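Working notes, structure below.
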Amino acid sequence: MNQYETVFILTPVLSDEQMKEAVKKYEEFLTSNGAEIVHREDWGLRKLVYPIQKKTTGFYNLFEFKNDGQLIANLELQLKRDERVLRFLTVKLDKHAIAYNEKKRRIKKEKAKQEKEAK
């Protein structure tokens, strides 16, 4: 089973509820089609490097998931059809990228734990 990472940018005109609903839709799409979600991140509203559809900001989201690869074409088709999605990118992770992501998450968790203990 391969591990993938999908980052997608949602249009900034959405309310928080609409944005969360769109993210939940794709999370449910992945899990209902047999994908195992390893990690999910909401990067929030960020400035785009260049305007897309006359918009300069967007809601960034990341899914890291495991699947056999058959699902990727269907996921990307869903993302293309959704007018709320400005851009998306799906990447197959190799063993080095997987190890890097795990290390990054572990460090982030330890840092949060230290900050919590400091308070």
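The values are calculated or read from the model by the stated rules, or taken from the named source; none is laboratory data. Given the structure is predicted, the values throughout are model-derived calculations rather than measurements. Here the Cβ is made from the backbone with ideal geometry for all residues, glycine too, and neighbour counts use every protein chain on show. All accessible areas refer to the heavy atoms of the entire protein, side chains included, with ligands and DNA or RNA removed. Shrake-Rupley method; radii C 1.70, N 1.55, O 1.52, S 1.80 Å.
Restricting attention to the stretch 26-41, which residues are part of a strand (DSSP E or B), open to solvent by less than 80 Å² (accessible area, probe 1.4 Å) and not β-branched (Val, Ile, Thr)?
Result: His39, Glu41.
May I ask you to list the residues in the stretch 51-99 that are open to solvent by 40 Å² or more (accessible area, probe 1.4 Å), over 28 Å from Glu17 (Cβ atoms) and not aliphatic (A, V, I, L, M)?
Answer for the stretch 51-99, where residues must be open to solvent by 40 Å² or more (accessible area, probe 1.4 Å), over 28 Å from Glu17 (Cβ atoms) and not aliphatic (A, V, I, L, M): Lys66, Asp68, Gln70, Lys92, Asp94, Lys95, His96.
What's the number of the only condition in (1) touching a helix residue (DSSP H, G or I) at 6+ places or on another chain (Cβ under 9 Å); (2) in contact (Cβ under 8 Å) with a residue 24 or more places away in the chain that Gln18 fails to meet?
For Gln18, the exception is condition (1).
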